[in-house]
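First up is the structure itself, then whatever we jot down about it.
Just so you know, all these numbers are worked out from the coordinates, no wet-lab data involved. Everything quoted here is computed from the prediction, not taken from an experiment. FYI the Cβ positions are ideal-geometry reconstructions off the backbone, even for glycines, and counts take in every protein chain you see.
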Amino acid sequence: VNVEEVIAKANEYYESNASEWEFSQMFGEEDDPSSDSDTTGAEDNWISSLAFDSTGRFLAVGYNCGQVVVLTQQEDQTYQLYTEFKSHDSEFDFLTSMEIEEKINQIKWFPYDSCIPALLTTNDKTIKLFKMLEKEGAEGGTEVVVKPKKVFEGAHAYNINSVSFNSDGETFISTDDLRINLWNLDITTEAFGIVDIKPENMDELSEVITSSCFHPKSCNLFVYSTSKGMIRMADLRNSALCDRYAKEFEDTESDIGGFFQELVTTISDVKFSPDGNFIVSRDYLTMKIWDPRVENKPLRVVKFHDHLVPKLCDLYENDSIFDKFECSWNGNSYRLLTGSYNNNFYICDAFGSHVTPMCAVKPTAQKPFAHPNQHLEASQKVLHTAWHPTQDIIALGAKDFGYLYVRKTENDPK
Amino acid sequence: MLPKKGDSPKEGATSEDASVRLTFVKNLSKTAETVGPDRFRDEIIPEVKALLDDDDDILLALADELGKDEYETYLGGAQHNHLLLSILESLAKVEETGVRDKAVASLSKISHRIPQESCEQHFVELVLRLSESDWFSPRSSACGLISVAYPRASPASQTKLLLSFKRSCEDPTPIVRRSAATALKKIVPLLDKASLLQLVESFKALSVDDQDSVRLLSIENCVAFAEKLSEEEKNSVVKPVVLACGSDKSWRVRYMVASCFTQLVDSLGRQITQTDLVPVFVKLLKDTEAEVRTAASSKVSGVSKLLQKDTVIKDILPCARALATDDSSAVRASLDVMGLAPLFGKDGTNEHLLELFLQLLKDETPEVRLNIIGKLSEVTQVLGLDQLSQHLLPAIMELAEDRQWRVRSSILEYIPLLADQLGAEFFNEKLSVLCVSCLNDCVFSIRESATVILKRIAAVFGVAWAKQYVVPKIVEQSKHRNYLYRTITLTMVSSLADVFPSSEIQSDLLPFVYTLATDPIPNIRINAAKTLNQLIPKLETSYVLSDIIPFLTDKLLTDKDRDVLYFANVALQNARKKQ
């Protein structure tokens, strides 16, 4: 891959495809203006995960309450309800006397188009495989039935943060704070532990795994990110155990220094680009794009959170500094999307310098969000994002509301 | 849930309750027998079709059921077999791999019963339809059916089948390519030379596929191809693939080469093996990945048997010696060098192998030592007892005293084997003490195993031997202070009774049972009653009448414990049946 060529082509793309976006849809139940959205139980309806399937036909939305809603694309490009189901229930772990939340941490769709779409959902401890079947309903129309086909449980002592399908269509990995397991989709009784960073002495624990992702095409490569800002790439071909990573990416230059340095370098999301040539990592203040051949510095650093640097103290006080923001690539691997506070989100040119700041808000909303420079509304955050695999349609999750935005094109009737 | 009189047999199929529907499927054969062929075809088959979008376990049961031979009769003859085909075709399209695989298996079974005239239309067309589907699941199932359809297809259809198979080898989804790679080895034996050569390109393409899971299936295809090609073609077509896989970047592919190595050697022949395969094997024995070394080391004997002795000494043995000190205990435990002994003969074994065996016999990991002991027979045949026994015994004794009870259990398993080879005298001297001490092991499982082992040895050495050596031990044991160890005596008695004639049972074994039947501990009395019950079928009727029944009646009247009474009663009833 010739990086210069990629940058050149990307910039050509940016020239002819302006990054202008407009509101398309909002879903979620409108708040009663008089009710306080911080009442107990109200957080149940907060979105916790978003994922488009490989064709873009479906958008899955996972919630804190364990519910998953699947929307399907209509002819006019909007999304309507297709089906919904309860994915996980909360459980009580008797051994640790703790409740296992039903919150859906991540949803991933089976990578190959199938007449019966399948998706993996996971909470802190259990991963489930669901399949959606269209059946003839009672009145002759079609109804959608969602069936849990497999339950992968009992393999994680720590909380699961991600799942990722392998391009072989046969296996997937599940990742918790300290370990990564490799599963076969047909076998729920066994998993292989391929990465284990648990220290012999837990007192020495200083680093946890925060996210992981398989390469979209190579069945042997995957990356995982850590709380120390490291990204490690492992090769399944080399050996049965991947503790000895093949590559380690670390940005040693970007330092704001000071007390908060460590807290802001933790990586909240790491993803391969859809073409498999680059990796993006989202830390608290930036997104970094990595060329897999260069381990000691990122190819580009995309900044959009500089306005937060003077406010880090406040953000630490209200725990917002620990927020985990997701990021998403667009289908041609040229643009990136990530969320922020004040319901803001940013669409960034990965190989250019342009950043489009947007605010997720219904156009007719009475109460718009303040500009972050005026007043930082840390409770209004867009943590979850997803980008349609082939079209410029993006999905954002902000508390209990989901937003869909589309890119304005010249063909726009407006 | 059999259909009750008056019930319509098809009600089960439409029930809301999934378990009722499942029962309907499992009872399909009974339903068929009840209603007869005509009604089965007209009424029941449509109901079955309605189940086709049901839950996976129902579909799985259906796929399994319909493959059974009886359905031909239920349908009213071979001419109706095709009715099942459309149902199974739908099942072969299903997402769930388990259901699809079962459907493919059932389709294969049925295909043999379809009359030749209709085979083309019903079966071959079905396979072609599946292979042209838009979705990957049916395309994947089609691959598994091509080897079944091909022999019965017309020449024109055969061409089409091969063409669709070649397309599957290049399918965009890895799932289909994997099915194709798996199916290839079944298709190869069916083809004539010309068609075979057509598939060579596909074979090569699959062996360099991006996906590891596809490439690793190439090895078995190498074997299949090699069996049908000429020497020159093996060299030009198969050998390069084997060599490439042997140094593949993915350890899983190299693992496959190691585990299929003996088959590769067999199919490729001596010439290629000597010149090209030996270096590959040596490399695998030294592979960086322990899993690969484990697979290769388990094949050392198997492969060496097919090589010239000089090659083994020069190339293989040094590797074997290195493997005996490998870091990974799994590698050391799978090292199979015992089978080399016959190859080397007595002197050769002494010179080259004995040291290796002894080293492994002293390994710190029990599994390694167990592995050696388990494969001793080949060595003892060559070397004879004396040499071995002096080394073997300490190793056996140590394993028998290992802290982990599973290790002790494993060594016990080998004792009959050793007894057989080493002979009664040796056993009496050295091993009998061991066996008897296992009767006193703190773990019940071991005590129980010991009784079985002693029985097996008694079967080998004979009743006289048992009377002389085992029975006295039982006497001692039955007087043990701890009731748990007294109980095992009764298990020993039952066990030995299997190999003792009834007269000997009466004279030598029953006395213990009588004694223990009056033991102060109720548990023992219960077991005594149970033992008597087990012995009754083996005793002569006259004895049962004259001695057993009175004894039991005696106990019945006198025992205070309810459970003892119960079991004594059971034995009594059994005894009375003999009258």
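Per-structure values
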| quantity | calculated |
| --- | --- |
| Average beta-carbon neighbours from other chains, 10 Å sphere, peptide B:171-183 | 2 |
| Cut-off under 5 Å, modelled amide H: who pairs with A:Asp269 long-range | A:Arg282 |
| Helix B:155-169 axis, angle to chain B major axis (alpha carbon atoms, nearest 10°) | 70 |
| Efficiency of FRET from Cβ geometry, A:Gln391 and A:Val309, R₀ 45 Å, rounded to 0.05 | 0.80 |
| J(HN,Hα) series, the range B:423-440, from Karplus relation 6.51 cos²θ - 1.76 cosθ + 1.60, nearest Hz, glycine and proline x | x, 4, 4, 4, 4, 4, 5, 10, 9, 5, 4, 4, 4, 5, 5, 5, 5, 9 |
| Average partner coverage of A:103-112, which counts Cβ from other chains inside 10 Å | 1 |
| B:Gln390 paired with B:Val570, simple spin-label distance in nm, labels 7 Å along Cα-to-beta-carbon | 5.4 |
| Mean projected area (nm²) of the alpha-carbon convex hull when the range B:298-409 is viewed from all directions | 6.6 |
| For chain A, built as a Gaussian network whose Cα springs stay under 10 Å, the top-fluctuating residue of A:Gly154, A:Gly257, A:Gly276 | A:Gly257 |
| Gained length - B:Asp327 relative to B:Lys538, 0.36 nm times residue gap less alpha-carbon distance | 70.6 nm |
| Signed unit charges on C-beta, dipole axis of chain B, positive-most listed residue B:Asn574, B:Leu277, B:Tyr255 | B:Asn574 |
| Cα gyration tensor, the range A:199-340 - rounded (a/c under 1.5), prolate or oblate | oblate |
| Per-selection metrics, chain A (Cα): Rg and Dmax in Å | 20.8, 66 |
| Amide hydrogen neighbours beyond the local backbone of A:Ala246, cut-off 5 Å, H modeled | A:Met233, A:Ala234, A:Asp235 |
| By average C-beta atoms within 10 angstrom, highest first, the peptides B:414-426, A:82-94, B:97-109 | B:97-109, B:414-426, A:82-94 |
| Bins of 5 Å, starting at 0 and running to the largest distance - Cα pair percent for the range B:1-127 | 2, 12, 23, 24, 21, 12, 5, 2, 0 |
| As computed over the range A:240-296, the Cα convex hull volume per residue (Å³) | 112 |
| Cα point-scatterer Debye curve for the protein assembly as shown, base-10 log of I(q)/I(0) at q = 0.04 Å⁻¹ | -0.30 |
| Number of partner chain Cβ atoms within 10 Å, mean per residue of A:237-245 | 3 |
| Helix axis angle, B:385-400 relative to chain B longest principal axis, alpha carbon, degrees | 90 |
| Whole-Å semi-axes of the range B:163-222's equivalent ellipsoid (Cα gyration tensor) | 18, 12, 9 |
| Cβ-derived FRET efficiency at R0 41 Å, B:Asp561 paired with B:Asp266, nearest 0.05 | 0.05 |
| Rg/Rg_ref, the range B:426-491, where Rg_ref = 2.2 N^0.38 Å and atoms are Cα | 1.04 |
| Spin-label pair B:Trp405/A:Lys9, simplified geometry with 7 Å Cα→Cβ offset, distance in nm | 6.6 |
| Three-way shape call for the range A:343-404 based on the alpha-carbon gyration tensor, with the a/c threshold at 1.5 | oblate |
| Computed label-point distance, nm, for sites B:Trp135 and B:Ala244 using a 7 Å Cα→Cβ extension | 3.4 |
| Using a Förster distance of 45 Å, the FRET efficiency for A:Glu84-B:Arg39 (Cβ separation, nearest 0.05) | 0.55 |
| Backbone HN-Hα couplings from phi across the range A:292-297 [Karplus 6.51/-1.76/1.60, Hz, Gly and Pro as x] | x, 8, 10, 8, 8, 7 |
| Phi-based couplings in Hz for the range B:298-310 (Karplus 6.51, -1.76, 1.60; Gly and Pro marked x) | 6, 9, 4, 5, x, 6, 4, 4, 9, 10, 6, 4, 4 |
| Under-5 Å amide H pairs with A:Thr83, H placed in peptide plane, nonlocal only | A:Val70 |
| Kirkwood hydrodynamic radius of the range B:501-579, from inverse mean 1/r over distinct Cα pairs, in Å | 12.2 |
| Net length gained if the chain between B:Glu231 and B:His112 were fully extended (0.36 nm per residue, minus Cα distance) | 39.4 nm |
| Shape parameters for the range A:277-318, alpha-carbon atoms, Rg then Dmax in Å | 13.1, 39 |
| Under 16 Å between alpha carbons - lysine pairs in the range A:288-365 that sit 8 or more apart or on different chains | 4 |
